[in-house]
1. Once the dipole of the chain is set up with Lys and Arg at +1 and Asp and Glu at -1 on Cβ about the Cα centre, which of Gln151, Gly6, Ile127 lies farthest towards its positive end?
2. Quick one: order Tyr37, Tyr109 by neighbouring beta-carbon count within 10 Å, fewest to most.
3. Amide H of Asn106: which non-local residues (sequence gap of 5 or more, or other chain) have their own amide H closer than 5 Å, using H built in the peptide plane?
4. Between the helical axis of 9-58 and the dominant principal axis of the chain, each derived from Cα atoms, what acute angle in degrees is found, rounded to the nearest 10?
5. Looking at the stretch 99-183, I'd like the Rg to Rh ratio, where Rg is from alpha-carbon atoms and Rh is Kirkwood's inverse mean 1/r.
6. Give me, ordered by chain and number, the residues 5 or more places off Lys175 or on other chains with an amide H under 5 Å from its own placed amide H.
7. So how much slack lies between Thr61 and Gln95, counting 0.36 nm per residue of separation and subtracting their Cα-Cα distance, in nm?
8. Using unit Cβ charges (K, R positive; D, E negative) and no other charged atoms, how large, in debye to the nearest 20, is the dipole of the chain about its Cα centre?
Amino acid sequence: MSNRRGFTLVEIAIVFAVISVLAIVATTNLQSWVGHYSAVGFQREFLSRFNDARTRSMGSTFQHRLLIDLGGETVSLQRGNAGTASTIWVNAEPQVAGRWGAAIENITYPMGLSTDTSVTSGTFALIFNPDGQVLTQSDPASAATIAPLTQANIRLSASSVADRTTIRVFGWTAKARLLNGWM
């Protein structure tokens, strides 16, 4: 009887099958984990930029605005002064971008109509005055589209339905609240 060492082809195939199953499970869990934390991170960064705009405008004589690009899935914090008919806005912070399924779905706000206005594409701006008032700007290139805001809902989507959220903006207090789900 000879002393055989090594593995048989069947044993090697079983090991590869087990490793493949474990890799598939790990990859699936990793993708859902990355999607979840990407969505949560984008939500927090968006809300942080909102609070920064509010704080900076109330602490200075300049207006600050959040420029929301629904197509590019980005949010920019800018400093300017549209109240003096100036159209010059300067970025105050780097842009925040949605990644890995995190996106801006739409912005809904009342415009004195019986139904709300919904923005689903293009750019939109929230302007923060030093006196604490929040304004909307439906066309950021035109100062003629600036109007007072009472309340707005900004829906943020994610790859998982459970990670969808709404940022509710209150124009009279210039505060925002992060709500789970779409309101």
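1. The residue sitting farthest along the positive end of the dipole is Gly6.
2. Ranked by crowding around the Cβ, least crowded first: Tyr37, Tyr109.
3. The list, which skips near neighbours in sequence, is Arg155.
4. Taking Cα atoms only, the helix is inclined about 10 degrees.
5. 0.98
6. Phe170
7. Working: separation 34, 0.36 × 34 = 12.24 nm, distance 2.28 nm.
Result for the pair: 10.0 nm of gain on full extension.
8. 420
Values quoted throughout were computed directly from the atomic coordinates according to the rules given, and no laboratory measurement underlies them. Computed from a predicted model, the values in this text were never measured in an experiment. All Cβ positions, even for glycine, are placed from backbone atoms using ideal geometry, and neighbour counts span all protein chains on display.
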